Amino acid sequence: MGASVSRAIRNVNLESRAEREISKMKPSPAPRHPSTKSLLQEQMSRYPEIKGEIARKDDKLLSLLKDVYVDSKDPVSSVQVKDAGTRQEPKEFRLAKGRDFNMMNIKNIPKGKISIVEALTLLSNHKLYPETWTAEKIAEEYYLEQKDVKSLLKYFVTFEVKVIPPEDKKAIPSK
């Protein structure tokens, strides 16, 4: 409803407004600076043929301009070219391991990727049993690259609570 109202307002008196714009005087050149005005008059008086050159139309240039033809086409988007050119191969999937939390109904996971639950599981397993759950074993178990697993174990830790005992004796003991 709003579009039709705005269209009606936009098109009110359209022909007369267009006629008024067309009938306006064409823009005049910008005024020259007073210091250059005297220099231009001096050059025109010294070389009167310049005035004729400025007003003359060059037929050769006009004919060359008529021969120019520009044909423009929209560029083909890269997405269409990519889809047409290469077809993605189906990814290899694996079943999710350790469905303890069952937070999300994930049917299968692409090889080389892990879910949040699996990431938390492997981090806690590595923290509790670092001799058993080495980076090599985790990479083999979850079909990951070994360098990615090493980075994961180095830079990510699971949530842990540390209780720091109070230093002064006046602190209230926890129950």
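The table below gives the values:
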read-out	value
Computed lengthening from V163 to E15, 0.36 nm per intervening residue step minus Cα-Cα distance	45.1 nm
Exposure of H33 as accessible area (Å², to 10), given a probe of 1.4 Å and all protein chains	120 Å²
For I22, solvent-accessible area (1.4 Å; no DNA, RNA or ligand), Å²	110 Å²
Estimated FRET transfer efficiency when R0 is 25 angstrom, pair K66-I22 (beta carbons, to 0.05)	0.55
Accessible surface, 1.4 Å probe, highest first, among residues L64, L128	L128, L64
Assigned charges on the beta-carbon of Lys, Arg, Asp, Glu; region 1-75 dipole about Cα centre (debye)	340 debye
Chain lengthening between K113 and S6 when straightened (0.36 nm per residue, less Cα-Cα)	33.3 nm
Exposure of V70 as accessible area (Å², to 10), given a probe of 1.4 Å and all protein chains	120 Å²
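The values are calculated or read from the model by the stated rules, or taken from the named source; none is laboratory data. It should be emphasised that the depicted structure is a prediction, and the values quoted were computed from it without experimental measurement. Every residue, glycine as well, gets a Cβ built from its backbone with ideal geometry; the counts of neighbours run over all protein chains shown. Accessible surface areas use protein heavy atoms only, side chains included; no ligands, DNA or RNA. Shrake-Rupley method; radii C 1.70, N 1.55, O 1.52, S 1.80 Å.
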